[in-house]
Amino acid sequence: MTVERTEAASPVRRDLPALCAEGLRRRFSMAGEEIEVLRGATLRADAGEIVTVTGRSGSGKTTLLTVLAGFDIPDEGTVTFHGRPAPGAPWWVCALLPQALGLVEELTCAENVALPLRLRPGVTDTVEATVVAALDEVGMAELADRYPAELSFGQQQRVALARAVVSRPSVLLVDEPTAHLDSASTDAVLALLRRMADEGAAVVAVTHDPAVREVADRRLRLDGGVLVAE
């Protein structure tokens, strides 16, 4: 599935790392105490690879993803996508599948998935066909007209993943993408992540699932606020 672009969509620098994070530090104040969750974390992900990040619960994996996505600003360090600063990057450059899915309850599944396309300048595809194709990739095309409240959490998660991949971002960040799925749905999601990488995306997956780690090209662990190779 492709989304055609006009000149309104700025090209990315394919000669630079898809994702480059250096020296990330993030501190929070809790009950009068300062806690440093990230302590100089560094990560590089190139186009075409899947990188998994594991770590104990509470180690800062979700914080890492929100910083990588540009939704949170680190106290120190930098994040770039193809050499450009992460904050403000459009959805077709970097898309996130968060644990808190963020689906709009008043919109159908198809309308939720269509949002990144409708907000994007220069798209000339038929949006409806692209949305159906994205939902089909996660096995949700038959439920396109349902509302989030009518779905199980696992089904909502697949809709949110379709929303993340619909515009074929060059960087895809996913937080526990198989946590609420059965084995068949897990296989479909893993195939989609592999397909995204094969199409040229850099995929970073925070996960506890050994099945996700098995499809990874590189495996990292967040330990003491820094990323180390497994």
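Quote the convex hull volume per residue of the range 64-189, based on C-alpha atoms, as a whole number of Å³.
Measuring per residue, one finds 110 Å³ for the Cα hull of the range 64-189.
Under Stokes-Einstein, with the Kirkwood radius over Cα pairs standing in for Rh, what whole-number D in µm²/s applies to the range 122-190 at 20 °C and 1.002 mPa s?
170 µm²/s
Would the range 176-230 count as rounded, prolate or oblate if I go by the C-alpha gyration tensor, calling it rounded below 1.5 in a/c and otherwise prolate when a/b exceeds b/c, oblate otherwise?
oblate
Rounding to the nearest 20 debye, state how big the charge dipole of the chain is about its Cα centre with +1 on each Lys and Arg Cβ and -1 on each Asp and Glu Cβ.
About 620 debye.
Mind running the shape call on the range 74-123? Use the C-alpha gyration tensor, a ≥ b ≥ c as the square roots of the eigenvalues: rounded below 1.5 for a/c, prolate if a/b tops b/c, oblate otherwise.
Judged from the Cα gyration tensor, the range 74-123 comes out oblate (a/c at least 1.5, b/c at or above a/b).
For the chain, what does -39500 (n - 2.57) per DSSP helix run (n ≥ 4), summed and divided by total residues, give at 222 nm, in deg cm²/dmol to the nearest 500?
After summing the helix terms and dividing by residue count, I get -8000 deg cm²/dmol.
Taking the Cβ of each residue in Ile50, Ile73 as the centre, tally the other Cβ atoms inside 10 Å and list the residues starting with the fewest.
Placing the least packed residue first, the sequence is Ile73, Ile50.
Any idea how far apart Ser183 and Glu33 come out in nm if each label point goes 7 Å out from Cα toward Cβ?
Here the modelled spin labels are 4.3 nm apart.
Rounded to two decimals, what is Rg over Rh for the range 19-229 when you use alpha-carbon atoms and the Kirkwood radius?
Rg/Rh for the range 19-229 comes to 0.97.
Could you please rank Thr80, Thr42, placing first whichever residue has the fewest other Cβ atoms within 10 Å of its Cβ?
Ascending Cβ contact count within 10 Å gives the list Thr42, Thr80.
Helix 183-198 versus the longest principal axis of the chain: what angle, 0 to 90°, nearest 10, using Cα atoms?
Helix 183-198 and the main axis of the chain meet at about 80 degrees.
Run the paramagnetic zone check for Glu49: 7 angstrom along Cα to Cβ, then residues of the range 58-90 with backbone nitrogen under 16 Å.
Under cut-off, by backbone N: 80-83.
Name the residues whose placed amide hydrogens come within less than 5 Å of the amide hydrogen of Asp223, ignoring near sequence neighbours (fewer than 5 apart) on the same chain.
Excluding prolines and chain starts, which carry no amide H, the hits are Val228.
Can you work out the PRE-style zone for Asp217? Point 7 Å along Cα to Cβ, and I want the residues of the range 157-192 with backbone N under 14 Å.
Answer for this model: 170-172.
Read-outs: derived from the displayed coordinates by stated rules, not from any lab. As the structure is a prediction and not an experimental result, all values here were calculated from the model. Ideal geometry is used to build each Cβ from the backbone, glycine not excepted, and the neighbour counts take in all protein chains shown.
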